[in-house]
1. Would you mind checking which residues have amide H under 5 Å from ILE447's amide H? H placed 1.01 Å from N; only 5 or more apart, or other chain.
2. Calculate one ³J(HN,Hα) per residue across the range 405-419 by plugging θ = phi - 60° into the Karplus curve 6.51 cos²θ - 1.76 cosθ + 1.60, and present them in order as whole Hz with x for glycine and proline.
3. When you count, for each residue, the other Cβ atoms within 10 Å and take the mean per peptide, how do 277-290, 572-585 rank with the highest first?
4. Which net charge results when you count Lys and Arg as +1 and Asp and Glu as -1 among the other residues whose beta-carbon is under 14 Å from that of ASP180?
5. Which distance in Å, rounded to a whole number, links the C-alpha centroids of the range 311-368 and the range 186-242?
6. For the pair TRP54/GLU603, report the inter-label distance in nm, with labels modelled 7 Å from Cα in the Cβ direction.
7. From the square roots a ≥ b ≥ c of the eigenvalues of the alpha-carbon gyration tensor of the range 377-507, which class results: rounded (a/c under 1.5), prolate (a/b over b/c), or oblate?
8. Compare the peptides 337-349, 439-451 by average per-residue count of other Cβ atoms within 10 angstrom and give them in order, highest first.
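The numbers here are math on the coordinates, done by the rules we state, and not lab data. What you are looking at is a predicted structure, and each value in this text was computed from that prediction instead of being measured. Here the Cβ positions follow ideal geometry from the backbone for every residue, glycine too, while neighbour counts run over all protein chains shown.
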Amino acid sequence: MLNWGLNRLLELPRAYKRWLMVLADVIMLPLALWSGFAIRLAEPFPPIMLQTWWLFPLVVVVGVPLFVKLGLYRAVIRFMGSRTIWAVGSGVVVLALVLWAAAAIGKVDDFPRSVPVNFAIVAFIYVGGSRFLMRALYRSVLAHDAGAEPVVIYGAGEAGVQLLSGLKSGGRFRVVAFLDDDETLQGSSIDGIPVRDLSALDHLIKRWGLRRLLLAIPSASRAERRDLLERLEACPLYIQTVPSMNAVVSGRARLDQLEDIDIADLLGRDPVPPDHALLKASIEDHVVMVTGAGGSIGSELCRRILRLKPRLLVLYERNEYLLYRIERDLEVLADQKGLDVPLVALLGSVANPRRVHTVLEEYRVQTLYHAAAYKHVPIVEFNMIEGVRNNVFGTAILADAAIRVGVERFILISTDKAVRPTNVMGATKRLAEMVLQDRARQQTGTIFSMVRFGNVLGSSGSVVPLFHQQIRDGGPVTVTHPEITRYFMSIPEAAELVIQAGAMAEGGEVFVLDMGSPVRIVDLAHRMIRLHGYQVKQNGEPEDGIEVVYTGLRPGEKLYEELLIGDNVVGTSHPKIMRAHESCVDSGEVQYALDALDLAEREMSTEIAFRVLKRVVVEYAPIPAGRESSQSPAGIRANINND
């Protein structure tokens, strides 16, 4: 019945709710004055109260307009906090002074001076307490009606307290405890909620039937978060975290908008502080252009570059929607940071010679980051000619145009799949590297360099968002092979290192980023399943677990990726950037490859393209014909012929 009544009350229009608060105060203020007399004189109806009856309507006539002025009736009950306390406190103090002044002006004999003080105290309790009681009832009913899920918050600091406040107003979760390793906080309570040590988690899980733990430790390092996640991994809890305070303040996220664990936290890589001189060297007060500006790496490069205050930032992208999105993102970022950086958003393909040359010449580009590429291994395997056109010819066309118009620095975003490639994508990226090495050898006006690294977390096609979605859908989680491993790096870290590596270049270098230790994908899948609060299902057990299913290697896919073709690598001034010295075929062979691939494109001949890649990229070792997948292009052709 109480729930029904409160729900009906909450459904009333805002104006009606304000009038109800006014009506409550019309009752509470005279009641508080009566209490002031009764407390002071120890009797319910003392004679002096009857002589001063006119004070009772006075506190209403003065009090209600005063509370209006203080904004008390504009406050939303379920969000009331310290400002409401201040408004009520200020109002009752002013009313107490009004009572004292009114009694003096009215020459009331024997008026007890403590009555206004008693009134102020009691009125504060009646007026303020009634509102906070309603807030507590509202939250209690909301939590009950929504079947609020009990949760614990790890982190009893400022972020944890703010998260608690956000969750209370939302009604979706009910916080039953805080966990914190800080011994000075353990044993205390926050808003009536106890702070416990992590060792109490098992007891809390059993007592409350917990299924979720929320992390509120935004200041912890990656290594600290990794260690904590390893300690929590054995618990059958779905681990989520709060968004960053920057995201909350900027309006991009709500405080109670929980996020899945950042996979970078599982890897525990703390980025090395950047060399700001290297970051600025080729960007600050330069005209900078990024191809593939809407892609995973390209868009993050644009964000980093914008903060470094280029004279002009040119966004070059063939996908209209991605170009629109990155332009809007950068405009918002520039507004937030107070940056006055002109942006130019251009549609176009890097394989269009006239468009590329016109853009570079018109805007007098000085630094060029070439991130445009087809990179999804199975798709490029099926679309060899388009892969060659975009990855090889696009790079060659862009490089030649850069030389003609005098671009100062040209940085190619390469990939670990270019090392001893087993797929078309890797072979085309390795040939793109060779083209730049050849152009660097033939001239000295434009400084060409290549930056090679592995998978970036959260990029399009990454396994991480796929695993998250598969787990949310109840599984199974698909892994291609039990032994497949990959290197991982966060997109912001990769973009920052690319900028610094490009500034180090002297001409023709291949820079390799330190990707840390390789990660077995199946281990990553198991950890993500457990951190979502599930167990890994094996042989059908447990029934509510998530199963890992092996689907087999995709066309052209390697078990292990490498970053170096040989062992000839030296360090640089940056601990995460290495310089590789790798051999390159002579200029005649590079030109032969471009001419022959041009013929393959005109004739739409994958056979010619395949032979050229095999000849020039001598490390290219595609899957032998007898081992071709039935889903590879050759396998499909064989099936058609057999039919």
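1. It is ARG409, PHE410, by chain and number.
2. Karplus values, whole Hz, x for Gly and Pro: 8, x, 4, 6, 9, 10, 10, 8, 7, 9, 8, 5, 6, 6, 8.
3. The peptides rank, most packed first, as 277-290, 572-585.
4. Details: positive: ARG196, ARG231; negative: GLU158, ASP181, ASP182, GLU183, ASP197, GLU224.
So the environment of ASP180 carries a net charge of -4.
5. Between the Cα centre of the range 311-368 and that of the range 186-242, the gap is 44 Å.
6. 11.2 nm
7. Values: a/c = 2.72, a/b = 1.86, b/c = 1.47.
Prolate is the answer for the range 377-507, as a/c is 1.5 or above and a/b outweighs b/c.
8. Working: 337-349: 14.2, 439-451: 19.2.
My ranking of the peptides, most packed first, is 439-451, 337-349.
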